[in-house]
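The values are calculated or read from the model by the stated rules, or taken from the named source; none is laboratory data. Please read all numbers here as calculations on a predicted model, not as lab measurements. Virtual Cβ from ideal backbone geometry, glycine too; neighbours counted across all protein chains shown.
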């Protein structure tokens, strides 16, 4: 299953201390094949992430390991999509 996660940064001024850890976990999720691609939004703080997994709950569980999510600095909204 493929999903898109839209990430909204809730407190951009507090991200600094967590950036290295966030990038490390992003690398792990990419290596696992959960995170296929991540894009920074052109307007405003946030990201759009392409995910793959057995279901949205499994993807949500893995994405909860992101330090920005753990610290309450980013919220993610998930939407299942399929290829045309």
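Go over the candidates 76, 29 one by one and state the one that is assigned to a strand (DSSP E or B) and either modelled with pLDDT of 95 or more or surrounded by 17 or more Cβ atoms within 10 Å (Cβ to Cβ) (or both). Can you show your working first?
Values: 29 fails: assigned to a strand (DSSP E or B).
Only one candidate passes the filter, namely 76.
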**OP:** Give the residues of region 40-61 that are free of Cβ contacts under 8 Å to residues at least 40 places away in the same chain, surrounded by 12 or more Cβ atoms within 10 Å (Cβ to Cβ) and within 12 Å of the chain's Cα centre (by Cα), sorted by residue number.
**Re:** 60, 61
Subject >> Which listed residue is at pLDDT below 95 and outside any strand (DSSP E or B), from 21, 42, 58, 65 >> reply: 42
